[in-house]
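As structure tokens, the structure follows; a few thoughts come after it.
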């Protein structure tokens, strides 16, 4: 998972399947909001749009909406079938943050990755990893869950 305030990219390193879109969710205004559309399609849905990563001071503005969005992205890149294994998620924040990620942001990201369905999660800071490095487990030097 590559994350910016205005872009979410989730890629399955094994299959190459990619979800790359704006992190937007269109929600209905019912007492219990329903998801109407995700990504660029949310703008055209004519409903309230939420970007869970748009906040001036912190990385995650709305944890529950971010989790719904990430679950959708996981499903979009996962093989479809009866039994689909939970992914190992590697999160990479590409946003320029003064001083890097705080301990609270690290924990929130780890819980977000796992809450969306990952069996284990890692955070990676630095340059983007290649597919070969991902398959070799280079991310395991990152902060484990």
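The values are calculated or read from the model by the stated rules, or taken from the named source; none is laboratory data. Keep in mind that what you see is a predicted model, and the values were worked out from it rather than measured. Note that we place each Cβ from the backbone using ideal geometry, even for glycine, and neighbour counts take in every protein chain shown.
Some values worked out for this structure:
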quantity	calculated
Conditions (1) touching a strand residue (DSSP E or B) at 6+ places or on another chain (Cβ under 8 Å); (2) in a loop (DSSP other than H, G, I, E, B); (3) in contact (Cβ under 8 Å) with a residue 60 or more places away in the chain: number failed by residue 15	(1)
Selection count, the range 75-94, where residues are over 19 Å from residue 127 (Cβ atoms) and in a loop (DSSP other than H, G, I, E, B)	10
Among the candidates 97, 101, 70, residue that is part of a loop (DSSP other than H, G, I, E, B) and touching a strand residue (DSSP E or B) at 6+ places or on another chain (Cβ under 8 Å)	101
Within the range 103-135, considering residues that are in contact with a helix residue (DSSP H, G or I) (Cβ under 9 Å, 6 or more places away or on another chain) and modelled with pLDDT under 85, the one nearest to residue 66 (Cα to Cα)	129
Candidate set from the range 62-96 (those that are touching a helix residue (DSSP H, G or I) at 6+ places or on another chain (Cβ under 8 Å) and farther than 17 Å from residue 20 by Cβ); member that is surrounded by the fewest Cβ atoms within 10 Å (Cβ to Cβ)	63
Failed criterion for residue 58 (all others in (1) without any contact (Cβ under 8 Å) to a residue 24 or more places away in the chain; (2) outside any strand (DSSP E or B) hold)	(1)
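Residue-wise test of (1) in contact (Cβ under 8 Å) with a residue 24 or more places away in the chain; (2) touching a helix residue (DSSP H, G or I) at 6+ places or on another chain (Cβ under 6 Å); (3) closer than 30 Å to residue 127 by Cβ; (4) surrounded by 15 or more Cβ atoms within 10 Å (Cβ to Cβ).
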| residue | (1), (2), (3), (4) |
| --- | --- |
| 10 | yes, yes, yes, yes |
| 19 | yes, yes, yes, yes |
| 24 | yes, yes, yes, yes |
| 39 | no, no, yes, yes |
| 44 | no, no, no, no |
| 48 | no, no, no, no |
| 52 | yes, yes, yes, yes |
